[in-house]
Amino acid sequence: MSAPGVAIETRGLDLFYGDFQALTRVELQVPEREVTALIGPSGCGKSTLLRVFNRMNDLIEGARVGGTVLVGGEDIYAPGADLLRLRERVGMVFQRPNPFPLSVYENIAFGLSVHRLAPRREHDMIVEQALRDVLLWDDLKDRLQRSALALSLEQQQRLCIARVLPLKPRVLLMDEPCSALDPIATLHIEELMRQLKRDYTIVIVTHNMQQAARASDRTGFMYLGKLVEFGETARIFTHPRQELTENYIRGRFG
Amino acid sequence: MNPARLRKLKEWLIERAILLSGVFSVVFVVLIFLFLLREGLSLFRGESVLDFLFGKSWYPISEPPRFGILPLILGSLLVTLGAAAISVPIGLAAALFIAEIAPGRLKEGLKAGIELLAAIPSVVIGFIGMITLGPFIKKLFAVPTGLTALTGSVTLAFMAMPTIVSIAEDAITAVPRQYREAAIAMGATKWQTTWRIVARAARPGMVAAVMLGIGRVIGETMAVMMVTGNAAVIPSGMLQPVRTLTATIAAEMGESVQGGSHYAALFAIGIVLFVITFLINGVADLYLHRSRK
Ligand SMILES: Nc1ncnc2c1ncn2[C@@H]1O[C@H](COP(=O)(O)OP(=O)(O)O)[C@@H](O)[C@H]1O
Ligand SMILES: [Mg+2]
């Protein structure tokens with residue numbers, strides 16, 4: 001069990017890719033309904049940590065995990081843990097927008113039919129709500145049957161967020177969701193995150209420190225597979241306690 | 001000459017050579033078609049096109065000769081549809097299995113096997129079909145001869161399958177990993193991901209694979225001549241001997257008199273085959289371009 005208000009908790013988390021240790025004794029508590037940012041230089045293990053939370057690392061041959069990871073208080077690496085359920089509760093948005101090569105409508109209905117969440121007659125309504133939640137409805141309501149690949153990159157990324165919402169996840173994982181977008185689109189997505197955090201816990205990986213400062217409530221700084229420092233975003237950026245953190249946010253390496 | 005100029009000259013030469021081979025391949029096709037027209041059209045001085053296409057009897061050396069190719073068209077159609085019905089589902093399923101499910105070693109083994117199968121000359125497959133499949137079908141269905149449309153379909157399915165499997169497998173493997181990742185991350189099972197996302201994404205390539213596989217079947221001559229029994233009559237079922245358009249040309253060309261009406265009729269069959277192939281390629285092209293946009 002985790003303390004109340006904690007969405008994700010790791011205890012002594014280690015992760016190995018074969019012989020290479022990518023995460024070392026990570027201790028982390030992600031609060032519910034906040035935006036938590038993970039920052040750090042490239043290769044420090046941010047994506048790896050994020051992909052622990054929905055066990056996407058399971059797809060990588062030779063990846064091994066040690067320690068405990070609790071999502072919603074449940075040990076997700078316990079023997080017999082239900083992977084499909086976990087991924088229903090923990091949605092993921094990727095670095096490059098990757099809508100399915102299907103229609104806009106089918107992209108969103110995919111999760112519903114995969115998890116048999118609602119009878120077909122309710123799909124229209126749910127699709128509309130998901131598109132409204134990501135502020136795409138007005139743009140796309142006449143183009144629901146068009147291919148999602150024809151959308152702009154920003155719209156595609158919004159659609160990728162929208163398609164996990166019908167699953168009613170508790171957590172949204174976002175791995176550098178804006179790195180393929182222009183600055184304006186980036187601000188739009190950040191605004192969207194502020195709205196979504198009313199209902200969802202969001203963990204975002206970013207190598208853009210301004211983004212972390214603007215959009216997140218908590219920030220974790222990672223370096224060489226360790227979580228060096230974790231705390232309120234304002235505090236991390238004004239009064240870092242670790243010298244490494246300070247050097248990084250002052251731009252002395254990275 | 002300095003290296004930069006030499007490189008430029010090389011570029012120029014290569015570009016011209018590629019252009020030239022492109023032009024030649026078009027010119028050859030046009031010339032072949034013109035040749036077919038020249039040799040074949042003379043048939044229609046004495047014969048109406050409708051009688052040729054829809055005539056029920058093919059008696060080229062009786063007096064007077066009858067040149068109705070309906071039995072041959074139906075024979076081709078029956079054998080081709082049969083082969084497609086066998087090879088398309090099995091071929092596509094095999095491609096999905098090899099691309100998505102088979103683990104490393106098995107996958108390499110299967111791919112090598114498919115390539116081997118593709119390399120077997122069609123006469124050899126026809127011969128094997130004739131001496132093993134024919135007697136088997138004869139016994140299984142208790143029919144007077146094992147050389148039937150069904151035998152032809154099965155034999156041809158073996159020839160279409162390597163094409164279908166290898167091209168479809170390429171198309172499936174080329175589906176970007178990010179689609180699979182997205183589906184898995186949403187809690188889809190392996191099967192749901194494969195069937196609903198990967199197979200959908202690879203559909204244009206799979207259609208192309210089917211078209212090329214069937215193209216090979218339609219054009220196939222030797223094997224089909226060996227195993228279908230070669231009876232130019234309107235078929236009433238899969239267990240009867242039939243004769244295809246291609247087999248007719250191959251079997252009778254040697255006996256026809258150059259310039260005679262039989263000779264012209266065989267070329268007219270060539271025109272029909274050419275048009276059919278052209279139409280199939282056209283449809284495939286249209287489909288591929290439409291879904292690629
Ligand atoms: N599939 C993998 N196999 C082996 N090593 C990997 C794999 N993925 C990532 N790594 C290594 O793990 C480390 C952390 O990678 P990653 O989590 O992607 O870093 P970040 O997202 O912070 O840039 C890097 O050193 C990287 O080379
Ligand atoms: Mg990363």
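Among the residues making up the stretch A:20-52, a single one is near ligand 1 (Cβ under 6 Å from one of its atoms) and within 14 Å of chain B (Cβ to nearest Cβ): A:Ser47. Only one of the numbered conditions (1) open to solvent by less than 60 Å² (accessible area, probe 1.4 Å); (2) in contact with a Ser or Thr (Cβ under 8 Å, 6 or more places away or on another chain); (3) away from ligand 1 (no atom under 16 Å from the Cβ) is violated by A:Arg218, and that is (1). So which residues in the stretch A:8-19 are within 11 Å of ligand 1 (Cβ to nearest atom) and crowded, with 21+ Cβ neighbours inside 10 Å? Matches in the stretch A:8-19: A:Leu15 only. In the stretch A:165-194, the qualifying residues are those that are within 16 Å of ligand 1 (Cβ to nearest atom) and charged (D, E, K, R), and the one that is nearest to A:Ser47 (Cα to Cα) is A:Asp175. Out of the stretch A:160-181, which residues are over 23 Å from A:Leu140 (Cα atoms), away from ligand 2 (no atom under 16 Å from the Cβ) and not aliphatic (A, V, I, L, M)? The answer is A:Pro169, A:Arg170.
Pairs under 7 Å by beta carbon, first residue within 13 Å of chain A (Cβ to nearest Cβ) in the stretch B:168-186, partner open to solvent by 40 Å² or more (accessible area, probe 1.4 Å), six or more apart or different chains? Once the first residue is within 13 Å of chain A (Cβ to nearest Cβ) and sits in the stretch B:168-186, its partners that are open to solvent by 40 Å² or more (accessible area, probe 1.4 Å) give B:Gln178/A:Arg96; B:Ile184/A:Leu59. Only one of the numbered conditions (1) of a type outside the set (Ser, Thr, Tyr); (2) closer than 26 Å to A:Glu191 by Cα; (3) open to solvent by 40 Å² or more (accessible area, probe 1.4 Å); (4) within 13 Å of another protein chain (Cβ to nearest Cβ) is not met by A:Glu61, and that is (2). Among residues that are within 14 Å of another protein chain (Cβ to nearest Cβ), within 15 Å of ligand 2 (Cβ to nearest atom), among the charged types (D, E, K, R) and buried (at least 19 other Cβ atoms within 10 Å of the Cβ), A:Arg55 is not included.
Of the set (1) under 22 Å from A:Ala212 (Cα atoms); (2) within 14 Å of chain B (Cβ to nearest Cβ); (3) under 15 Å from the mean Cα position of the chain (by Cα), all apply to A:Ala180 but (3). Scan the stretch A:136-158 and tell me whether some residue there is within 14 Å of chain B (Cβ to nearest Cβ) and in a loop (DSSP other than H, G, I, E, B). Yes, that holds for at least one residue. Give the residues of the stretch A:26-48 that are within 13 Å of ligand 2 (Cβ to nearest atom), part of a loop (DSSP other than H, G, I, E, B), surrounded by fewer than 21 Cβ atoms within 10 Å (Cβ to Cβ) and in contact (Cβ under 8 Å) with a residue 24 or more places away in the chain, sorted by residue number. A:Pro41, A:Ser42 - these are the residues of the stretch A:26-48 that are within 13 Å of ligand 2 (Cβ to nearest atom), part of a loop (DSSP other than H, G, I, E, B), surrounded by fewer than 21 Cβ atoms within 10 Å (Cβ to Cβ) and in contact (Cβ under 8 Å) with a residue 24 or more places away in the chain. Reported count of residues in the stretch A:106-135, each being within 14 Å of chain B (Cβ to nearest Cβ) and either within 16 Å of ligand 2 (Cβ to nearest atom) or open to solvent by less than 60 Å² (accessible area, probe 1.4 Å) (or both), is 10.
If you go through the stretch A:205-254 and keep only what is more than 25 Å from A:Arg25 (Cβ to Cβ) and within 24 Å of the chain's Cα centre (by Cα), you end up with A:Asn208, A:Gln210, A:Gln211, A:Ala213, A:Arg214, A:Ala215, A:Ala234.
Between A:Gly5, A:Gly67, A:Gly73, A:Gly91, the distinction of being surrounded by 15 or more Cβ atoms within 10 Å (Cβ to Cβ), closer than 21 Å to A:Lys197 by Cβ and away from ligand 2 (no atom under 16 Å from the Cβ) belongs to A:Gly91 only. Among the residues of the stretch A:141-182, which ones are open to solvent by 70 Å² or more (accessible area, probe 1.4 Å) and closer than 17 Å to A:Asn54 by Cβ? Correct list: A:Lys168, A:Arg170. For the stretch A:74-101, a residue qualifies if it is of a type in the set (Gly, Ala, Ser) and either in a helix (DSSP H, G or I) or more than 9 Å from chain B (Cβ to nearest Cβ) (or both), and the qualifying residues are A:Ala78, A:Gly80, A:Ala81.
Does B:Gly22 meet the test of being crowded, with 17+ Cβ neighbours inside 10 Å and not assigned by TED's automatic domain parsing to the domain that holds B:Ala149? No, not satisfied.
The values are calculated or read from the model by the stated rules, or taken from the named source; none is laboratory data. Since the structure is predicted, the reported quantities are computational estimates derived from the model, not experimental observations. Neighbour counts are summed over all protein chains in view; Cβ atoms, including those assigned to glycine, are modelled from backbone coordinates with ideal geometry. Protein only, heavy atoms only, side chains kept; ligands, DNA and RNA dropped before computing areas. Shrake-Rupley method; radii C 1.70, N 1.55, O 1.52, S 1.80 Å.
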